[in-house]
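Chemist: Below you'll find the structure I mean.
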Amino acid sequence: MAGKIVVAVDFGTTYSAIGYAFVADGSDPGDIVLDVIDKGWPGQGRRRSPKIPTVFTLERNTFKYGFQVQHDPDRVCFAKLFLDPTQIEQAQHLAKFTAVSTSLSIAKLSDCVTRYLRCLRERAFEHMVKEKGWTQDFIKGTPHDYVLSVPAIWSDKAKDRTLKCALSAGFGDESDPSSIKLVLEPEAAAVYTITTLPNCALKVNDVFVVCDAGGGTVDLATYRITTFQPSLRVNEEVVGKGELCGSVMLNRRFMEFVEKKIGPFAQEFQDDIEREFNDVIKPAFNGDDTVYRLEVDPELPDNPAEGIANGSLTVTSEDLVKIFEPVVESVLILLAEQVEAVKGAAPGRKMPVLLVGGFGSSEYLKMRISQQFKNCTVLQPPDAWSAVVRGAILRSMIQNRKIRCAYGVMAREKWSPEKHEQGPLAPYAADYKVWDAFEQKWTCKNRMTWYVKKGDQFNETKTVSFKFYRNVGLHHNLKFEIDLWAYPEGREGEDGPPFKDLDCRRIAIMKPDLSVIPKASLEKRQSPEGPYYKVLYQLEMSFDTTISFRLRYQDQLYGMVETEYLEPENDGGIRRE
Ligand SMILES: Nc1ncnc2c1ncn2[C@@H]1O[C@H](COP(=O)(O)OP(=O)(O)OP(=O)(O)O)[C@@H](O)[C@H]1O
Ligand SMILES: [Mg+2]
């Protein structure tokens, strides 16, 4: 049977998952058998778990990961957050709190993430042979598709870093970044939940919210169903949003609570206390009046006023409500924004909220959402914790997505008195009139060409292309650099401004290499400065979760343009309180 093997990985802040499926050509998504590896991990023992801890240690070149890592003060946690420069501060904050190593450089960290992802991939292929009985011939003879899920809120730099780690780990072909697909985590969760939940009963045009509450982030996005045939397709209705208010915040608040009660004992027994909270208290808490006893240490002196007796601490429902509420409140605020944005989308009907992720499996969170949003129905699939990786396998159904900010490049254009000396551009253009020595004419610099604007619909097959040209001296380097600018939203609203302004952010440097074009086909010109090439080319943008550019010359594609993403510029100036 013709088809492909799809391997998907959900690299999470606290837990990761890997799954795969054989997808026969033309098969129905509901019939695809998804395998998520839930046993047989080193150090796992007999227990099963759809996700394995995103934690590793690197000691004298011995790499340990997941369940293998125990009580090691040098273990690396939250590696995912360190990949996103915009979140490093929060990641460090979390990491400091849990006393884990933060000393790894980004290069070393990326190397460890690559090793971790490689272990996951190898385990998946081992599983195909040992558990599914697939032969090496079948595996080698079948095309592979790789999918990696990323948070909806991630910066392009963070996506690019994760993509590079996954490619180096063997997910796809390293020389071809398009051989691995990125899928946004809430999209993946939505596809899975709707495809598999029997009583989901959603129809074409229905709008729903996905709330993926994980360990680090809680990601939300709102979609509209456009069709179920031949497979489910959804369009993003409201631009997704996420914040660092995941389940780890509960751990943090719980530890603060315990520290206040038992002082230095909390530090000493931190691992045991967190394990008890993770495995027992956190998943079980549903708001009822169950009283938990947290066993700490027989040496712990009794203190009835603080609920300490016989070496253990009493944790009441009121205590847990205080721990949960600020975190839950942040989730409710995020959810309210999405629900408000599509108010009236389904008059007379309840808006479905798909609740997934580890924290999304919490009974308490479900109860609070239902309580607060009377006009919503909360759908929590039974395997909510692994919904992202399952949905990532079913990824091929995703259609359009909304662009989160305008993207464009800056170029010069021919000076035109009608355009630049009259009308709306005139006040700006005066500053940008420059002489072009090659062409012996006036030009207008700093003009922006926006490929897309915020809110545009895009899908993986769509491309936008613009023609540019470059005058290059005969012996000059034909590999040059173009800045890629983003305009999240500023004075001009969602459209990008006509000229680069202070709200434009330089996010990457593209390095098109025109030396790949045969010299004989370049147009040679003469100027008072000497001979030069006028190279007319097209820069073609496609958008499949990340932006990529291709170089086209005389209708022939010359491959992907190398793109280096930059650290977000830090506004380090002084601030007045
Ligand atoms: N029933 C539950 N109630 C609350 N929290 C839970 C429950 N089950 C698991 N968790 C917690 O969920 C977290 C893991 O969730 P998940 O795997 O969705 O996050 P992640 O993918 O690591 O994070 P992110 O999506 O932010 O990168 C852990 O902190 C775990 O303790
Ligand atoms: Mg997750």
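Chemist: For region 52-76, which residues satisfy the criterion of being within 16 Å of ligand 2 (Cβ to nearest atom) and either open to solvent by 20 Å² or more (accessible area, probe 1.4 Å) or more than 29 Å from D156 (Cα to Cα) (or both)?
Modeler: Correct list: P53 only.
Chemist: In addition: Assess whether A384 counts as being modelled with pLDDT of 90 or more and surrounded by 15 or more Cβ atoms within 10 Å (Cβ to Cβ).
Modeler: yes
Chemist: For residues that are closer than 21 Å to P528 by Cα and either of a type in the set (G, A, S) or at pLDDT 90 or above (or both), tally how many sit in region 472-485.
Modeler: 1
Chemist: Output the residues belonging to region 218-258 that are open to solvent by less than 10 Å² (accessible area, probe 1.4 Å) and among the polar types (S, T, N, Q).
Modeler: Across region 218-258, the qualifying residue is only T222.
Here's the yes/no breakdown for (1) farther than 15 Å from K453 by Cβ; (2) in the same structural domain as W450 (by TED's automatic domain parsing); (3) surrounded by fewer than 19 Cβ atoms within 10 Å (Cβ to Cβ); (4) of a type in the set (D, E):
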{"site": "E481", "(1), (2), (3), (4)": "yes, yes, yes, yes"}
{"site": "W485", "(1), (2), (3), (4)": "no, yes, no, no"}
{"site": "K500", "(1), (2), (3), (4)": "yes, yes, no, no"}
{"site": "I507", "(1), (2), (3), (4)": "yes, yes, no, no"}
{"site": "M510", "(1), (2), (3), (4)": "yes, yes, no, no"}
{"site": "S521", "(1), (2), (3), (4)": "yes, yes, yes, no"}
{"site": "Y532", "(1), (2), (3), (4)": "yes, yes, no, no"}
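Chemist: Using beta carbons and a limit of 7 Å, which pairs, at least six apart or on different chains, have the first residue in region 19-35 and in contact (Cβ under 8 Å) with a residue 60 or more places away in the chain and the second one surrounded by fewer than 13 Cβ atoms within 10 Å (Cβ to Cβ)?
Modeler: Close Cβ pairs (under 7 Å, with a partner that is surrounded by fewer than 13 Cβ atoms within 10 Å (Cβ to Cβ)) amount to A21/V33.
Chemist: Could you check region 1-83 for strands (runs of 3 or more DSSP E) lying wholly inside it with 3 or more residues that are in contact with a helix residue (DSSP H, G or I) (Cβ under 9 Å, 6 or more places away or on another chain) and under 30 Å from R233 (Cβ atoms)?
Modeler: Output list reads 3-10, 15-24.
Chemist: Limited to region 259-286, what total is found for residues that are open to solvent by 10 Å² or more (accessible area, probe 1.4 Å), over 28 Å from T222 (Cα atoms) and away from ligand 2 (no atom under 16 Å from the Cβ)?
Modeler: Here is the first cut: in region 259-286, the residues open to solvent by 10 Å² or more (accessible area, probe 1.4 Å) are 259-265, 267-272, 274-276, 278-280, 282-284, 286.
Checking which are over 28 Å from T222 (Cα atoms) leaves us with 259-265, 267-272, 274-276, 278-280, 284.
Filter once more, so that each one left must be away from ligand 2 (no atom under 16 Å from the Cβ): 259-265, 267-272, 274-276, 279-280, 284.
So the answer is 19.
Chemist: Of the conditions (1) open to solvent by 10 Å² or more (accessible area, probe 1.4 Å); (2) away from ligand 1 (no atom under 16 Å from the Cβ); (3) of a type in the set (A, V, I, L, M), V209 satisfies every one except a single condition; which number is it?
Modeler: So V209 meets the others, but not (1).
Chemist: Can you work out which of the residues in region 293-308 that are surrounded by 14 or more Cβ atoms within 10 Å (Cβ to Cβ) and touching a residue at least 24 places away in the same chain (Cβ under 8 Å) is farthest from K322 (Cα to Cα)?
Modeler: Applying the filter and picking the extreme gives L300.
Chemist: Further, regarding this structure: Of all residues in region 1-41 being touching a Lys or Arg at 6+ places or on another chain (Cβ under 7 Å) and open to solvent by 50 Å² or more (accessible area, probe 1.4 Å), which is nearest to I139 (Cα to Cα)?
Modeler: The qualifying residue nearest to I139 (Cα to Cα) is K39.
Chemist: Spot the failing condition for F324; the list is (1) over 22 Å from the mean Cα position of the chain (by Cα); (2) within 16 Å of ligand 1 (Cβ to nearest atom); (3) surrounded by fewer than 20 Cβ atoms within 10 Å (Cβ to Cβ), and only one is missed.
Modeler: Tallying (1) over 22 Å from the mean Cα position of the chain (by Cα); (2) within 16 Å of ligand 1 (Cβ to nearest atom); (3) surrounded by fewer than 20 Cβ atoms within 10 Å (Cβ to Cβ), F324 fails exactly one: (3).
Chemist: Output the residues belonging to region 131-154 that are polar (S, T, N, Q) and open to solvent by 30 Å² or more (accessible area, probe 1.4 Å). Before you say what the answer is, go through the steps one by one.
Modeler: Our first condition is that a residue be polar (S, T, N, Q); within region 131-154, this holds for 135-136, 142, 149.
Those that are polar (S, T, N, Q) and open to solvent by 30 Å² or more (accessible area, probe 1.4 Å): T135, Q136.
Chemist: (1) in contact with a Leu (Cβ under 9 Å, 6 or more places away or on another chain); (2) touching a residue at least 40 places away in the same chain (Cβ under 8 Å): which one isn't true of F480, the others all being true?
Modeler: In the conditions (1) in contact with a Leu (Cβ under 9 Å, 6 or more places away or on another chain); (2) touching a residue at least 40 places away in the same chain (Cβ under 8 Å), F480 misses (2) alone.
Chemist: Report the residue count in region 191-215 for those that are away from ligand 2 (no atom under 16 Å from the Cβ), out of contact with any Cys (no Cβ under 8 Å at 6 or more places or on another chain) and more than 17 Å from D28 (Cα to Cα).
Modeler: 10
The values are calculated or read from the model by the stated rules, or taken from the named source; none is laboratory data. Quick caveat: nothing in here was measured; it's all calculated off a predicted structure. Methodologically, a virtual Cβ is constructed for each residue, glycine included, from the backbone with ideal geometry; neighbour enumeration extends over all protein chains shown. Note: areas computed on protein heavy atoms with side chains; ligands, DNA, RNA excluded. Shrake-Rupley method; radii C 1.70, N 1.55, O 1.52, S 1.80 Å.
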